[in-house]
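> Pasting in a structure now, in structure tokens, and then I'll have a few things to ask.
The values are calculated or read from the model by the stated rules, or taken from the named source; none is laboratory data. If you're wondering where the values come from, they're calculated on a predicted model, not measured in any experiment. Neighbour counts are summed over all protein chains in view; Cβ atoms, including those assigned to glycine, are modelled from backbone coordinates with ideal geometry.
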Amino acid sequence: MILVTGGAGFIGANFVLDWLAQSDEPVLNLDKLTYAGNLENLASLQGNPRHVFVQGDIADSALVARLLAEHRPRAVLNFAAESHVDRSIHGPEDFIQTNIVGSFRLLEAVRAYWGGLGETEKAGFRFLHVSTDEVYGSLAPSDPAFTETHRYEPNSPYSASKAASDHLVRAYHHTYGLPVLTTNCSNNYGPFHFPEKLIPLMIVNALAGKPLPVYGDGMQIRDWLYVRDHCSAIRRVLQAGKLGEVYNVGGWNEKPNIEIVNTLCALLDELRPRADGKSYREQITYVKDRPGHDRRYAIDARKLEKELGWKPAETFETGIRKTVQWYLDHGDWVAHVQSGAYRDWVQKQYA
Ligand code: NAD
Ligand code: TYD
């Protein structure tokens, strides 16, 4: 089996669902269920014996050691993190605790477990660390996209804490020989995305008749990748990635934020027109910029394509349409997240 951490969050849940749809191999899912962890994302797996959920912290060394000894996974995939830049600006402490201390404790527990494996199991074992393009810092308009050798220049407490975890992962390979793989991916979007991030927030606010808050001039650029393409990249790297290597994952979809918001408004105008016949664009409001806001991210994903043959399946046009449709079809999920009712799900389902 494989151990997935953070598998009740946005990308982790998509990964677990895709994995179990495509493979017979069971998943042990360790998630602390912070505000971002939502077991409703995994509701379709209820009663599935191939999914074992454990609520717990990656920084709980005793728990992780026990889970590793009991379940003997052949791989650990680390998705668990505090992931929202704005929250990291308001309160960096949780980011230091989970992304740095948590990743360190997880690595230590995995190192001890891996060290005790027999030769064959030891050789086949993998620790895959899921990271972000934000560790590379911000690009000027004409700079080439980030390659895997771009220097680390993190600018937010979030990206600095992810950078620290990437360095620890690298060090555990070089110092202890731990068989690690790291992926650095650009901005994801798709189903189960918590509505504090740009795309789901804009969809949910638009439908609720609320303002669509664009930071600064809205000309900051991100590269966007449909979440299931990120999941397929991670599966591919786990299967064939070279030990100790880093793989950048991206969608070749660089877009300024205002273009994203306009696209979402146009799709909603088509799929769920406003009652007054006006465009959702009327709700766009420019607000104060994020402190230290990175201007541009862009990913050069050619290494992953050349060496492992991975390419995204969705274009931005197909992925964003699916995403808007998903939010229109899942009003209950949104309502539960907004009311906090999703947090009662654990009690209800697992009491
Ligand atoms: P998310 O915030 O939606 O989910 C994080 C999950 O981790 C939640 O389920 C939460 O409960 C869990 N968690 C938090 N702290 C934990 C702890 N101490 N122990 C166990 N579980 C804990 O995040 P996401 O967007 O799904 O991101 C997943 C990973 O991918 C993160 O490492 C993030 O840095 C990385 N990443 C995200 C993006 C993106 O666009 N969202 C892009 C590139 C990389
Ligand atoms: P976000 O989804 O928070 O991801 P990240 O900061 O990790 O890239 O934000 C994406 C971009 O959208 C970023 O440039 C900040 C901007 N943004 C807004 O303009 N308004 C918003 O309300 C949010 C949440 C983000």
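> Taking the criterion of being more than 19 Å from P154 (Cα to Cα) and surrounded by fewer than 17 Cβ atoms within 10 Å (Cβ to Cβ), would at least one residue in region 100-111 satisfy it?
yes
> Give me the residue from region 55-87 that is hydrophobic (A, V, I, L, M, F, W, C) and within 16 Å of ligand 2 (Cβ to nearest atom) and, out of that set, nearest to Y215 (Cα to Cα). Steps first, answer last, please.
Taking region 55-87 and keeping what is hydrophobic (A, V, I, L, M, F, W, C), we get 58-59, 62-65, 67-69, 75-77, 79-81, 85.
Filter again for within 16 Å of ligand 2 (Cβ to nearest atom), leaving 79, 81, 85.
Numbers: F79: 27, A81: 24, V85: 13 Å.
If we take residues in region 55-87 being hydrophobic (A, V, I, L, M, F, W, C) and within 16 Å of ligand 2 (Cβ to nearest atom), then V85 is nearest to Y215 (Cα to Cα).
> Which condition number in (1) surrounded by 13 or more Cβ atoms within 10 Å (Cβ to Cβ); (2) within 16 Å of ligand 1 (Cβ to nearest atom) is the one that Q338 fails?
(1)
> So, one more: Before we move on, is A81 away from ligand 1 (no atom under 12 Å from the Cβ) and either part of a loop (DSSP other than H, G, I, E, B) or out of contact with any Cys (no Cβ under 7 Å at 6 or more places or on another chain) (or both)?
Spelling it out, it is not the case that A81 is away from ligand 1 (no atom under 12 Å from the Cβ) and either part of a loop (DSSP other than H, G, I, E, B) or out of contact with any Cys (no Cβ under 7 Å at 6 or more places or on another chain) (or both).
> Quick check, is G37 near ligand 1 (Cβ under 8 Å from one of its atoms), within 18 Å of the chain's Cα centre (by Cα) and without any contact (Cβ under 8 Å) to a residue 40 or more places away in the chain? Spell out the reasoning first.
Details: near ligand 1 (Cβ under 8 Å from one of its atoms): yes; within 18 Å of the chain's Cα centre (by Cα): yes; without any contact (Cβ under 8 Å) to a residue 40 or more places away in the chain: yes.
Yes; evaluated as a whole, the condition is true for this residue.
> Let me ask something additional. Is there any pair with a first residue in region 90-103 that is without any contact (Cβ under 8 Å) to a residue 60 or more places away in the chain and a second that is surrounded by fewer than 17 Cβ atoms within 10 Å (Cβ to Cβ) and outside any helix (DSSP H, G or I) whose Cβ atoms are under 9 Å apart and which are 6 or more apart or on different chains, and what are they?
none
> Another question about this same structure. If we keep just the residues of region 133-143 that are in contact (Cβ under 8 Å) with a residue 60 or more places away in the chain and either farther than 21 Å from S103 by Cβ or more than 16 Å from ligand 1 (Cβ to nearest atom) (or both), which is surrounded by the fewest Cβ atoms within 10 Å (Cβ to Cβ)?
Checking each candidate, the answer is A140.
> Looking at A313, A301, can you tell me which residue is within 20 Å of the chain's Cα centre (by Cα), more than 16 Å from ligand 2 (Cβ to nearest atom) and buried (at least 16 other Cβ atoms within 10 Å of the Cβ)?
Result: A301 is the single residue among A313, A301 that is within 20 Å of the chain's Cα centre (by Cα), more than 16 Å from ligand 2 (Cβ to nearest atom) and buried (at least 16 other Cβ atoms within 10 Å of the Cβ).
> Where in region 219-328 are there strands (runs of 3 or more DSSP E), lying fully within it, with 2 or more residues that are aromatic (F, W, Y) and at pLDDT 95 or above?
221-226
> All but one of (1) over 20 Å from G292 (Cβ atoms); (2) within 16 Å of ligand 1 (Cβ to nearest atom) hold for P179, so report the exception by its number.
Answer for P179: the failing condition is (2).
> Cβ-Cβ under 6 Å, sequence separation 6+ or interchain: first residue in region 176-190 and among the aliphatic types (A, V, I, L, M), partner within 15 Å of ligand 1 (Cβ to nearest atom) and not in a strand (DSSP E or B). Which pairs?
V180/V169; L181/V237
> Could you look through region 244-287, keep only residues that are surrounded by 14 or more Cβ atoms within 10 Å (Cβ to Cβ) and of a type in the set (V, I, T), and pick out the one that is farthest from D133 (Cα to Cα)?
If we take residues in region 244-287 being surrounded by 14 or more Cβ atoms within 10 Å (Cβ to Cβ) and of a type in the set (V, I, T), then I284 is farthest from D133 (Cα to Cα).
> Yes or no: L117 without any contact (Cβ under 8 Å) to a residue 24 or more places away in the chain, hydrophobic (A, V, I, L, M, F, W, C) and surrounded by fewer than 23 Cβ atoms within 10 Å (Cβ to Cβ)?
Numbers: without any contact (Cβ under 8 Å) to a residue 24 or more places away in the chain: yes; hydrophobic (A, V, I, L, M, F, W, C): yes; surrounded by fewer than 23 Cβ atoms within 10 Å (Cβ to Cβ): yes.
It is true that L117 is without any contact (Cβ under 8 Å) to a residue 24 or more places away in the chain, hydrophobic (A, V, I, L, M, F, W, C) and surrounded by fewer than 23 Cβ atoms within 10 Å (Cβ to Cβ).
> Right, here's the next one. Among the candidates A208, A233, A240, single out the residue that is out of contact with any strand residue (DSSP E or B) (no Cβ under 8 Å at 6 or more places or on another chain) and within 30 Å of V169 (Cβ to Cβ).
A240
> Tell me the residue from Y152, Y136 that is out of contact with any strand residue (DSSP E or B) (no Cβ under 7 Å at 6 or more places or on another chain), of a type in the set (F, W, Y) and under 12 Å from N184 (Cβ atoms), please.
Y152
> Considering only region 19-62, state which residues are more than 24 Å from P191 (Cα to Cα) and either in contact with an Asp or Glu (Cβ under 7 Å, 6 or more places away or on another chain) or aromatic (F, W, Y) (or both).
S61
> Of all residues being surrounded by fewer than 16 Cβ atoms within 10 Å (Cβ to Cβ) and assigned to a helix (DSSP H, G or I) in region 40-55, which is nearest to ligand 1 (Cβ to nearest atom)? Just the residue, please.
Only one residue fits best here, namely A43.
> Do any residues in region 144-165 that are over 25 Å from E108 (Cα atoms) and modelled with pLDDT of 95 or more have Cβ atoms under 9 Å from those of residues that are assigned to a loop (DSSP other than H, G, I, E, B) and within 12 Å of ligand 1 (Cβ to nearest atom), where the two are at least six apart or on different chains, and which pairs are they?
The qualifying pairs are A145/G250; A145/Y297; F146/S186; F146/G250; F146/Y297.
> Restricting to region 1-18, name every residue that is surrounded by fewer than 23 Cβ atoms within 10 Å (Cβ to Cβ) and outside any loop (DSSP other than H, G, I, E, B).
Selection gives I2, L17, D18.
> Among the residues of region 93-132, which ones are away from ligand 1 (no atom under 14 Å from the Cβ) and outside any helix (DSSP H, G or I)?
G116, L117, G118, F125, R126
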